[in-house]
1. Picking from Gly244, Gly47, Gly137, which is most flexible by a Gaussian network model of the chain using Cα springs under 10 Å?
2. About the Cα centre of region 131-256, how large is the charge dipole given +1 on each Lys and Arg Cβ and -1 on each Asp and Glu Cβ? Please answer in debye to the nearest 20.
3. Rank Ala19, Phe220, Asn147 by how far each Cα sits towards the positive end of the charge dipole of the chain (+1 on Lys, Arg Cβ; -1 on Asp, Glu Cβ) and give me just the farthest.
4. Given +1 on the Cβ of Lys and Arg, -1 on the Cβ of Asp and Glu, and no further charges, what dipole in debye does the chain carry about its Cα centre, rounded to the nearest 20?
5. Along the Cα→Cβ direction, 7 angstrom out, place labels at Lys215 and Val14. What is the inter-label distance in nm?
6. Grab the alpha carbons of the chain, take their convex hull, and tell me the volume per residue in Å³.
7. Which Cα, out of Leu91, Gln69, Asn178, lies furthest along the positive dipole direction of the chain (beta carbon charges, K/R +1, D/E -1)?
8. When the scattering of region 1-133 is computed by the Debye formula from its Cα atoms alone, each counted once and equally, what is log10 I(q)/I(0) at q = 0.17 Å⁻¹?
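Here, each number is a calculation from the coordinates, and none is a lab measurement. All values derive from a computational prediction rather than experimental measurement. So basically every Cβ, Gly included, is an ideal-geometry build from the backbone, and we count neighbours across all protein chains shown.
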Amino acid sequence: MPNNNTVIATKDLVKIYQAGEIEVPALAGINLDVHESEFVSIMGASGSGKSTFLNIIGCLDLPTSGEYQLDGVQINDLDKNELAAIRNRKLGFVFQGFNLLSRTSALENVELPLLYNREDKTINVKKMAQEALERVGLGDRIHHYPNQLSGGQQQRVAIARALVNRPAIILADEPTGNLDSRTSVEILATFQELNEQGITILIVTHEHDIAAFSKRIVEFRDGLVIKDYAVPDQRNARADLQNGRGVMTKKKGGNL
């Protein structure tokens, strides 16, 4: 099914939710491969299936039928504990709402995945968390609480938390949805830098201006892939920041 550098491979992926006696199809047969070091945007209207797809790719849900391989591992055959283990090893998650603990410092927020995943008892949790924060440019904010950070800084803490287990893939669901124009570009610059370092990035977005920073766009409609194409002129977030450009579809103002 996948070739050697295919990290995500789905075949005829179907997801049907049961609402009483009514079946609600969310995915109607998705065939999609994502290769190592790609930066892919999943687009589509509300109800198109993109978030359901991300949940399955993130091992948070299982398909009704079809196949899914994550880095060569057949996900359909795993139980809950095995799903949790591969999720911790392979994947990092970034959400629109940041999902930070308000009474916990940036450092402690980033430490959390390591505390839950203690297979390796020799790791230095504090050191790894600090390195992850330094990697996203927050080495001088490690003791700050979320209410002492801007929206963009909070999202970078969330990205650091996603990075701390050193995943091969980052999955982001509308990661700039709560951010203003310039801060969105700052977050996209972070994603592009991580992608340049070899991390595979997969983001869900409904904004073409956000997807323009990725290398590839996959469009969903009614639970199917209707378009899959390379971005012809990928926007460079760092260059946009230097030129004072933001994301054109967003309103001015907000958290800087």
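1. So, out of Gly244, Gly47, Gly137, the one fluctuating most is Gly244.
2. Details: 16 positive and 16 negative charges, 34 e Å.
Its charge dipole is roughly 160 debye.
3. The listed residue farthest towards the positive side: Asn147.
4. Values: 28 positive and 32 negative charges, 174 e Å.
Rounded to the nearest 20 debye, it is 840 debye.
5. About 3.3 nm separates the two model spin labels.
6. Values: hull volume 36.0 nm³, N = 256.
That works out to 141 Å³ per residue.
7. Looking along the dipole axis, the top candidate is Asn178.
8. Here log10 of I(q) over I(0) equals -1.06.
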